[in-house]
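The values are calculated or read from the model by the stated rules, or taken from the named source; none is laboratory data. As the structure is a prediction and not an experimental result, all values here were calculated from the model. Note that we place each Cβ from the backbone using ideal geometry, even for glycine, and neighbour counts take in every protein chain shown. In case anyone asks, the SASA skips ligands and DNA or RNA and just uses the protein heavy atoms, side chains included. Shrake-Rupley method; radii C 1.70, N 1.55, O 1.52, S 1.80 Å.
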Amino acid sequence: MAGDEGKLKRKQYEDLLEPLELELVAMARWAKATGARIVVLFEGRDTAGKGGAIRAVSQRLNPRQCRVVALGKPTDAEQSQWYFQRYVDHLPSAGEIVLFDRSWYNRAGVEKVMGFASEEQVDAFLKQAPSFERQLVDDGILLFKYWLTTDQENQEERLAERLEDPLKRWKLSPIDLAAREQYQAYTKAREAMLKATHSEWAPWTLVDFNDQKRGRLTLIRDLLDRLPDTHIDPPPLEFPELGHAALKETYGVIEPIESYPVNVD
């Protein structure tokens, strides 16, 4: 487990991440060339590290090809729809990669634990989700479902950090604070969810995120290893000489604003 091996230092993490980023770029090139549709679900407890994992996957990819979906509270109209409907609207077209920062599994997690969905709604979801995912996979979508795990001690540390850091305070919500008392309830809900929705065609993968850097590397390596051979050489591009001295910007109508003041030694 990550906690037994010591947490990675940033420099070591960045060195290990770089070759994986090259493989992710190659994967995106393969998806575009073949028309593959890729969906990755990121689920887990509050503070587990979903946002950081999603950034690690997407930061080197073209945002026009790789989309992050993080839906807010459903509108009144969405609440009256078939539960999966608003997620269907965000599924990928040919060549696209969609990363869900939480997904339709909200119903089996936060909605169940915090009382936002009835037992009947949760039971219906657990019965319908495998069939819904079977339809996605049968239609050719490559679906990957990740649950990021973290011990309560680490969760408490991260919540306290969000409270104290003004740059992270926006991540802390009343729901997050209320969830502190529901650690075991989330465990029970997760286990019920896994039992009902861990299928042959859409299996779950749990990743230890007590060390978030190590967890990101583990998740990315697993994702890449489960894809087909994605090697496609990039198209050749010629880069001829410019043929003249490089030009400087010129301004006629307006000029740039004054640069930010920085003292350079």
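Working only within the stretch 27-57, note down all residues that are touching a helix residue (DSSP H, G or I) at 6+ places or on another chain (Cβ under 9 Å), crowded, with 18+ Cβ neighbours inside 10 Å and assigned to a helix (DSSP H, G or I).
Met27, Ala53, Ala56, Val57 - these are the residues of the stretch 27-57 that are touching a helix residue (DSSP H, G or I) at 6+ places or on another chain (Cβ under 9 Å), crowded, with 18+ Cβ neighbours inside 10 Å and assigned to a helix (DSSP H, G or I).
Taking the condition in a loop (DSSP other than H, G, I, E, B), basic (Lys, Arg) and within 28 Å of Asp208 (Cβ to Cβ), does Arg60 pass? Let's see the steps before the verdict.
Numbers: in a loop (DSSP other than H, G, I, E, B): yes; basic (Lys, Arg): yes; within 28 Å of Asp208 (Cβ to Cβ): yes.
Spelling it out, Arg60 is indeed in a loop (DSSP other than H, G, I, E, B), basic (Lys, Arg) and within 28 Å of Asp208 (Cβ to Cβ).
Where the second residue is surrounded by 11 or more Cβ atoms within 10 Å (Cβ to Cβ) and at pLDDT below 95 and the first is among the charged types (D, E, K, R) and lies in the stretch 1-23, which pairs have Cβ atoms under 8 Å and are six or more apart or on separate chains?
Close Cβ pairs (under 8 Å, with a partner that is surrounded by 11 or more Cβ atoms within 10 Å (Cβ to Cβ) and at pLDDT below 95) amount to Glu23/Thr230.
Which one is farthest from Val69 (Cα to Cα) among residues in the stretch 79-98 that are β-branched (Val, Ile, Thr) and touching a residue at least 24 places away in the same chain (Cβ under 8 Å)? Walk me through how you get there before you give the answer.
Here is the first cut: in the stretch 79-98, the ones β-branched (Val, Ile, Thr) are 88, 97-98.
Imposing the further condition that a residue be touching a residue at least 24 places away in the same chain (Cβ under 8 Å) reduces the set to 97-98.
Working: Ile97: 11, Val98: 7 Å.
Out of the qualifying residues, it is Ile97.
Before we move on, is Gln85 under 19 Å from Arg214 (Cβ atoms), open to solvent by 60 Å² or more (accessible area, probe 1.4 Å) and at pLDDT 95 or above? It would help to see each step written out before you state the result.
Working: under 19 Å from Arg214 (Cβ atoms): no; open to solvent by 60 Å² or more (accessible area, probe 1.4 Å): yes; at pLDDT 95 or above: yes.
Spelling it out, it is not the case that Gln85 is under 19 Å from Arg214 (Cβ atoms), open to solvent by 60 Å² or more (accessible area, probe 1.4 Å) and at pLDDT 95 or above.
Table: residues versus (1) of a type outside the set (A, V, I, L, M, F, W, C); (2) within 25 Å of Arg180 (Cβ to Cβ).
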{"position": "Ser58", "(1), (2)": "yes, no"}
{"position": "Gly72", "(1), (2)": "yes, yes"}
{"position": "Ala117", "(1), (2)": "no, yes"}
{"position": "Glu120", "(1), (2)": "yes, no"}
{"position": "Arg134", "(1), (2)": "yes, no"}
{"position": "Val137", "(1), (2)": "no, no"}
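For the subset of the stretch 105-141 comprising residues that are touching a residue at least 40 places away in the same chain (Cβ under 8 Å) and of a type in the set (Phe, Trp, Tyr), which member is farthest from Ala48 (Cα to Cα)?
In this case the residue turns out to be Phe132.
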